[in-house]
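Have a look at the structure below, then the notes.
Each value in this text was obtained by applying a stated rule to the coordinates, not by laboratory testing. What you see is a predicted model; the values in this text were computed from it and never measured. Quick reminder, even Gly has a Cβ in these numbers, built from the backbone with ideal geometry, and neighbours come from all protein chains shown.
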Amino acid sequence: MASESFDITTGCDLQEVDNAVNQALREITGRFDFKNILVEVEFNRAENKIAVHTTDEYKLDAIWDALLGRLIARKVPVKNLKREDMQQAGNNTVRQDITLVQAIDSETARKISKFIRDQKFKKVQSQIQGDAVRVTGPSRDDLQQTMTALRAEDWGIELEFGNYR
């Protein structure tokens, strides 16, 4: 009897994030309300962070709106963006970091695993493998039911289903 499986992962396409940041920056610097005003939006691939630096909270929110629009247009999962608290920076400016979630953390993986067990699907099992969760079962129908149930829940991140075999 062959066993079917799939992996649950999460993440953002970093090239699309980079493109969205560049487009948003171009849009912002061309706007009239941002003329001669400090605007810095930097994407750090190594740390999976976007750093925003500007003059005040109003401008910060305007930058966030423009950035969010570009990220949505480029199909970057918005659930994987975690906006940190605004911080005061030098010279009466504000700074904010936006973290990109690139992996399922262990606590969320345990919650997903427990959820699958609690649903009592026939012989469907889950196994945590680093930053992914492998789900195995005897039939594809059971796995599709599991995927549907997982999509219906809010995990705080965008779940991706891959390696469907």
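Quick notes on this one:
- Only Lys, Arg, Asp and Glu carry charge here, each on its Cβ (+1 for the first two, -1 for the last two); on that basis the range 14-100 has a dipole of about 320 debye about its Cα centre.
- With θ taken as phi - 60° and the Karplus curve 6.51 cos²θ - 1.76 cosθ + 1.60 applied, the whole-hertz 3J(HN,Hα) list for the range 113-123 is 4, 5, 4, 5, 5, 5, 6, 6, 5, 4, 6 Hz, x standing for glycine and proline.
- For the chain, the relative contact order works out to 34 percent when only alpha carbon pairs closer than 8 Å and six or more residues apart are counted.
- For the range 1-73, taking Cα atoms only, Rg and Dmax work out to 17.0, 68 Å respectively.
- Selection from Asn19, Gly162, Ile72 lying farthest towards where the dipole of the chain points positive, charges on Cβ: Gly162
- Counting only Cβ charges, +1 for Lys and Arg and -1 for Asp and Glu, the dipole size of the chain around its Cα centre is about 600 debye.
- For the range 91-165, the dipole from Cβ point charges (+1 on Lys and Arg, -1 on Asp and Glu) about the Cα centre works out to 420 debye, to the nearest 20.
- Converting phi to 3J(HN,Hα) with the Karplus coefficients 6.51, -1.76 and 1.60 and the offset θ = phi - 60°, the range 12-17 yields 10, 6, 5, 5, 5, 5 Hz in sequence order, with x at every glycine or proline.
- Once Rg and the Kirkwood radius are both taken over the C-alpha atoms of the chain, their ratio Rg/Rh works out to 1.12.
- 0 to 90° range, to nearest 10: angle between helix 140-152 axis and the chain longest Cα axis: 30 degrees
- Contour minus Cα-Cα distance for Ala89 and Lys75 (0.36 nm per residue): 1.9 nm
- In the range 14-100, lysine pairs with alpha-carbon atoms under 18 angstrom apart (chain gap of 8 or more, or interchain): 4
- The chain: calculated mean residue ellipticity at 222 nm from DSSP helix runs of at least 4, using -39500 (n - 2.57): -12000 deg cm²/dmol
- Trypsin sites (Lys or Arg not before Pro) within the range 31-115, DSSP loop, no more than 11 other Cβ atoms inside 10 Å: Lys35, Arg45, Lys75
- Among Glu47, Glu4, the order by Cβ neighbours within 10 angstrom, fewest to most, reads Glu47, Glu4.
- Lysines whose Cα lies under 24 Å from that of Lys120, excluding same-chain neighbours fewer than 8 positions away: Lys111
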